[in-house]
Amino acid sequence: MLARHEGRVVLVDGAIPGEQVRVRVDRERRDVIHATVIDVITPDADRRIVSGDPACGGQAYRHIAYPRQLALKSQLIGDALTRIAKLYDVDPVPVAASTEQGYRMRARLHCGRSGLGFLREGTHTICDAASTGQLLDGTADVVATLGDRLRDARIDVVERVELSENLAGDQRVLHLRLRRRVPGGTLSSCTAGLSCTGVTAARATDRVATLLHGVPTVSDPVSSLVHQGTGTGHVTRHASSFFQANRYLLPRLVAAVCQRVSAGPVLDLYAGVGLFGTALSSVGVEEITAVERDRGSFADLRLNGASCRRPIEVVRASTEAYLKGRSAPIHGTVIADPPRTGLARSVVEHLARLGAPRLVYVSCDVATFARDLRRLTDLGYTVAEVEAFDMFPNTAHVELVATLSRAASSLASPPS
């Protein structure tokens, strides 16, 4: 939470706006102080008791009653849209609520002497993932068991473990990221008998992962994500591929994107494994082109695109390179779901140069989202609507979806 002291900004972990608290200063920069609450003098009515380690990853808002969390995130979005995007007539953006427990179907666990778990905020210290409640109980048991086995066997070759589950939680794959090569039998013995449908392992430089057990992917039928249309196709992914993490809100997020696209052509940028493209194909949208750079995600994208009744054209390239090399105008709708850093300025300018008339922008960062909306509106785009989804409850993060359009009279190329 934000406070001010003698003209400097103070970012306070563990506070609620309006409270009087005593804090410990953790670090200082020229204009910002980072601090942590050590005593609450005047608590807010929305403060709730927190068990376990509140600094364990993904719990920055856990001390705040959940309805208040949603209100705070809505205020954060409104402030960014006004202050950064310079949008002064946008209605308050409600934030769709999530179940707080067991919501994560994708996670990164770190490995160390104390076992396997999340990291404490701002440190490299491993903490107990189960105590945060983000994982299903069965998943937490698997993580604890594997951590114990690696520790007891004194295996220090595993740097981290990437976890992926399907919506129902009946498929679970672990991917072990290795520091160096190790005999396969060593890892196979540590991972044998775990309640997993698959286990893989690889170093960062390996082009192909080693399959230790089972099947290397999890999969959801498109019908579980889209409740209208043909429901054909599937969304299959490896644990190392990017995918949305919240099992409870994922169908609502997909529906929000699908509702914004009535017909093709569609250009799906930063497509990942093809989540939005496969969903749109299942509801009858044609002429979908999906662009993805990452080698692993692209392999999943190609498989998922081919499973659709209306196959998706897939392109392996970075969004920047694809747009830079394209000369034909863009028609229809562009979907963009970039990483937390948002859209590069060159991407925004290429979209304007190519005359993209409609953009559905999916973002996981409020600040870069607002920055990009400002850049797009400066180039003639109009923001029609914004929705928000609490994909990471008990944290400051929120997922956003915006629709932007650009009139034909504004389709001149941006200045170079």
- request: Show the residue pairs that are 6+ apart or on different chains and have beta-carbon atoms under 7 Å apart, the first residue being within the stretch 303-329 and under 18 Å from Arg237 (Cβ atoms), the second being modelled with pLDDT of 95 or more and in a loop (DSSP other than H, G, I, E, B).
  value: Asn304/Val273; Asn304/Gly274; Gly305/Gly274; Ile312/Gly274; Arg316/Arg293
message: Let me confirm something: among Glu292, Glu286, which residue is without any contact (Cβ under 8 Å) to a residue 60 or more places away in the chain and more than 18 Å from the chain's Cα centre (by Cα)?
response: Glu286
query: Which residue pairs have Cβ atoms under 6 Å apart, sit 6 or more places apart or on different chains, and have a first residue in the stretch 86-97 that is closer than 16 Å to Arg374 by Cβ and a second that is of a type in the set (Lys, Arg)?
result: Lys86/Arg374
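Taking the stretch 18-30 only, how many residues are touching a strand residue (DSSP E or B) at 6+ places or on another chain (Cβ under 8 Å) and closer than 25 Å to Lys73 by Cβ?
Here the count works out to 5.
Working carefully through the options Pro221, Pro216, find the one that is without any contact (Cβ under 8 Å) to a residue 24 or more places away in the chain and over 18 Å from the mean Cα position of the chain (by Cα).
Details: Pro216 fails: without any contact (Cβ under 8 Å) to a residue 24 or more places away in the chain.
Testing whether each residue is without any contact (Cβ under 8 Å) to a residue 24 or more places away in the chain and over 18 Å from the mean Cα position of the chain (by Cα) leaves just Pro221.
Return the residue satisfying two criteria in turn: it lies in the stretch 103-136 and is assigned to a strand (DSSP E or B) and of a type in the set (A, V, I, L, M), and of such residues it is surrounded by the most Cβ atoms within 10 Å (Cβ to Cβ). So that I can check it myself, show each step before the final result.
First pass over the stretch 103-136, keeping only residues assigned to a strand (DSSP E or B): 104, 106-112, 115-120, 126-127.
Cutting the leftovers down to of a type in the set (A, V, I, L, M) gives us 107, 109, 116, 119, 126.
On the way: Ala107: 20, Leu109: 22, Leu116: 25, Leu119: 20, Ile126: 21.
Result: Leu116.
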message: Among the listed residues Ile312, Ile335, Ile288, identify the single one that is modelled with pLDDT of 95 or more, surrounded by 20 or more Cβ atoms within 10 Å (Cβ to Cβ) and farther than 25 Å from Val366 by Cα.
response: Ile288
message: Quick check on the stretch 182-204. Is at least one of its residues within 30 Å of Leu280 (Cβ to Cβ), surrounded by fewer than 17 Cβ atoms within 10 Å (Cβ to Cβ), modelled with pLDDT of 90 or more and touching a strand residue (DSSP E or B) at 6+ places or on another chain (Cβ under 9 Å)?
response: no
field: Filtered residue count, the stretch 27-48, keeping only those that are surrounded by fewer than 18 Cβ atoms within 10 Å (Cβ to Cβ) and modelled with pLDDT under 90
entry: 9
message: Just to be sure before I move on: is Arg237 in contact (Cβ under 8 Å) with a residue 24 or more places away in the chain and in the same structural domain as Pro357 (by TED's automatic domain parsing) in the structure I sent?
response: no
Among the candidates His110, His124, residue that is free of Cβ contacts under 8 Å to residues at least 40 places away in the same chain, of a type outside the set (Phe, Trp, Tyr) and in the same structural domain as Gly193 (by TED's automatic domain parsing): His124
field: Any hit, the stretch 217-225, residues being more than 29 Å from His331 (Cβ to Cβ), crowded, with 20+ Cβ neighbours inside 10 Å and hydrophobic (A, V, I, L, M, F, W, C)
entry: yes
- line: Among the residues of the stretch 230-269, the number that are part of a loop (DSSP other than H, G, I, E, B) and either farther than 28 Å from Leu136 by Cβ or over 15 Å from the mean Cα position of the chain (by Cα) (or both) is 11
message: Give me the residue from the stretch 31-59 that is out of contact with any strand residue (DSSP E or B) (no Cβ under 9 Å at 6 or more places or on another chain) and of a type in the set (A, V, I, L, M, F, W, C) and, out of that set, farthest from Gln134 (Cα to Cα).
response: Ala45
query: When you go through Ala306, Ala321 one by one, which is the residue that is at pLDDT below 95, more than 19 Å from Leu379 (Cβ to Cβ) and either hydroxyl-bearing (Ser, Thr, Tyr) or surrounded by fewer than 20 Cβ atoms within 10 Å (Cβ to Cβ) (or both)?
result: Ala306
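Regarding Tyr361, is this residue aromatic (Phe, Trp, Tyr), over 24 Å from Pro67 (Cα atoms) and under 16 Å from the mean Cα position of the chain (by Cα)? Outline the logic, then answer.
On the way: aromatic (Phe, Trp, Tyr): yes; over 24 Å from Pro67 (Cα atoms): yes; under 16 Å from the mean Cα position of the chain (by Cα): yes.
Yes: the conditions hold for Tyr361.
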- prompt: All but one of (1) in contact with a Gly (Cβ under 8 Å, 6 or more places away or on another chain); (2) of a type in the set (Val, Ile, Thr); (3) surrounded by fewer than 19 Cβ atoms within 10 Å (Cβ to Cβ) hold for Thr139; which doesn't?
  reply: (3)
message: For a quick check of your reading of the model, give me the residue pairs whose first member lies in the stretch 37-62 and is under 22 Å from Gln101 (Cα atoms), whose second is at pLDDT below 90 and surrounded by 19 or more Cβ atoms within 10 Å (Cβ to Cβ), with beta-carbon atoms closer than 7 Å and at least 6 apart or on different chains.
response: Pro54/Gly14; Arg62/Pro54
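The values are calculated or read from the model by the stated rules, or taken from the named source; none is laboratory data. The model shown is predicted, which means the values in this text are computed figures rather than measured ones. All Cβ positions, even for glycine, are placed from backbone atoms using ideal geometry, and neighbour counts span all protein chains on display.
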